[in-house]
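Participant: Just dropping this structure here.
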Amino acid sequence: MKKDAYLLEDIKPKHLIELGATLPDNASYEPLLLQLKSMLQETDYEKWFGYGRAGESHWQKDAAIKLIRRGGFETAVDHILFANGGQNAIAATLASLCKPGDRIGVDHHTYPGLKTVAAMLSVQIVPIKSENYEMSPTAFEDACKNDNIKGIYLIPDYHNPRASFMSVENRKMIAAIAKKYKQYVIEDASYYLLNKKPFPAVASFAPEQVIYIASLSKSLAPGLRLAYVAVPSQFKEPISKALYNLNVSPLLAELTARMIVSNQFEVLIEGHREQTIRRNQIVKRHLADYTCLGVETGIFHWLLLPGKITGAEFETLAAQQGVQVYAAERFVFGNSCPERAVRVSVCAPETLAELERGLIILKHLLNDLT
């Protein structure tokens, strides 16, 4: 197969099994439904359908602090802002802190939504070398000295797409370098709640330099369209102005706050975790003969491919057989060489049976390559 024949577009056969998108399972939403029904049965329910400014009440911000604390970072009400999900929070942060032509550092493979935001804002992306699947502090310091970067973007927990974790020691070193060179750090905590005992956030080691984005789409529900952003004082005014133009639904902000304060969010997260572990047992059974990086609580894995096939070629081949996976080429930045790998998501299929069918197809394709 010619590499240039491949286009990074979703190929949609008639019966595509979705193993590309990263979603929490859809079988654990009952606590959300019950909380929403309770809200809509209140006598003044109509206020949730009017204009309102999410996050104006201290109690909603207190709920945000509780959730962020659950992820290994202590912050205060004065630092909390609300956003319409992680992607909007990233966009608002870059729009606030970057001028056209500014440069930010990223891992060689990372969240592709950053690429679209950077292109929209004319921000340049500088790939920074990784070691053992985490950003190298030495390479970060070299970039501070030589590449004129203004900051970096990180996913320390359940790295997307490589499913890795940044060590606590590296978190400390990255934070120390950020302070030394006055670099801002955008810490994307999209997946932090999946971990029962999370590592301390990078922000906990450099709270004055780190914009901490606690998105709820991957751990609670994508439809909430909500992220809590803990912002250092020096960056709060410009980021707040940017987010003002991206109004958060007062209904969804209140629903989320009630889930957190009542501790129902723990029930929801535990339900997701149980479903994810069950699904990962199926993944392990079918892909045990291959290098499939990730942990039992993660909603995706990084599958290293045998032979000489590229991720792009394998994605096309899988799609032709009715399974969507995402190639490394989707996540690579700059002139970096993509790994021969694909990201395999485990919670997007609606049923365990559908997941198993998709994995069987992938296993047959992999066996044919060895």
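Participant: Considering only DSSP beta bridges where both residues belong to the chain, give the percentage that are antiparallel (nearest 5).
Facilitator: Within the chain, antiparallel bridges account for around 55 percent of the total.
Participant: Tally up the carbon and sulfur contribution to the accessible surface of the chain as a whole percent, 1.4 Å probe, everything protein left in place.
Facilitator: 52
Participant: Identify the chymotrypsin sites (Phe, Trp or Tyr not before Pro) of the range 37-107 meeting these criteria: DSSP loop state and at most 15 other C-beta atoms within 10 Å of the C-beta.
Facilitator: Passing both the DSSP loop test and the Cβ count: 51.
Participant: For the range 280-370, what is the accessible area per residue in Å², given a 1.4 Å probe and the full set of protein chains?
Facilitator: The answer is 41 Å² per residue.
Participant: Let me ask something else about it. Please list, in chain and number order, the residues 5+ apart from residue 327 or on another chain whose amide H is under 5 Å from its amide H, with Hs placed from the backbone.
Facilitator: Close amide H contacts, sequence-distant or interchain: 343.
Participant: Under 13 Å from the Cα of residue 196, which aspartates and glutamates turn up, not counting those fewer than eight places away in the same chain?
Facilitator: 157, 266, 270, 274, 296
Participant: Which FRET efficiency value, to the nearest 0.05, do you get for residue 353 and residue 284 by plugging their Cβ-Cβ distance into 1/(1 + (r/R0)^6) with R0 = 22 Å?
Facilitator: 0.80
Participant: Would you calculate, for the chain, the mean residue ellipticity at 222 nm contributed by helices, counting each DSSP H stretch of 4 or more residues as -39,500 (n - 2.57) and dividing by all residues, to the nearest 500?
Facilitator: My calculation for the chain gives -12500 deg cm²/dmol from helical runs alone.
Participant: Among 174, 27, 146, pick out the residue whose Cα is farthest towards the positive end of the charge dipole of the chain, where Lys and Arg carry +1 and Asp and Glu carry -1 on C-beta, about the Cα centre.
Facilitator: Selected residue: 146.
Participant: While we're on this one: Based on the Cβ-Cβ distance from residue 267 to residue 369, what FRET efficiency comes out when R0 is 30 Å, to the nearest 0.05?
Facilitator: My answer for the efficiency is 0.10.
Participant: Mind checking the range 38-99 for GluC sites (Glu not before Pro) that DSSP puts in a loop (not H, G, I, E or B) and that have at most 10 other Cβ atoms within 10 Å?
Facilitator: Filter output for the range 38-99: 42.
Participant: Only loop residues by DSSP count here, and only those with at most 10 other Cβ atoms within 10 Å; note down the trypsin sites (Lys or Arg not before Pro) in the range 285-356 that meet that.
Facilitator: In loop regions of the range 285-356 (DSSP not H, G, I, E or B), the sparsely surrounded trypsin sites (Lys or Arg not before Pro) are 308.
Participant: Give me the accessible area per residue for the range 23-116, probe 1.4 Å, as a whole number in Å².
Facilitator: Computed with neighbouring chains in place, this is 48 Å² per residue.
Participant: Under a Cβ-Cβ cut-off of 14 Å, what is the net charge of the residues other than residue 71 that fall near it, where Lys and Arg count +1 and Asp and Glu count -1?
Facilitator: +2
Participant: A further question on this structure: Going through the cross-link list 66/241; 129/284; 115/180; 66/197, which pairs have a Cα-Cα distance over 21 Å in this structure?
Facilitator: 66/241; 129/284; 115/180
Participant: On average, how much accessible surface per residue is there in the range 166-208, in Å², for a 1.4 Å probe, leaving out ligands, DNA and RNA?
Facilitator: 40
The values are calculated or read from the model by the stated rules, or taken from the named source; none is laboratory data. Small disclaimer: the values here were computed from a predicted structure and weren't measured. Positions of Cβ are generated from backbone atoms using ideal geometry, with glycine treated the same way; all protein chains shown enter the neighbour counts. Just the protein is used for accessible areas: all its heavy atoms, side chains included, with ligands, DNA and RNA removed. Shrake-Rupley method; radii C 1.70, N 1.55, O 1.52, S 1.80 Å.
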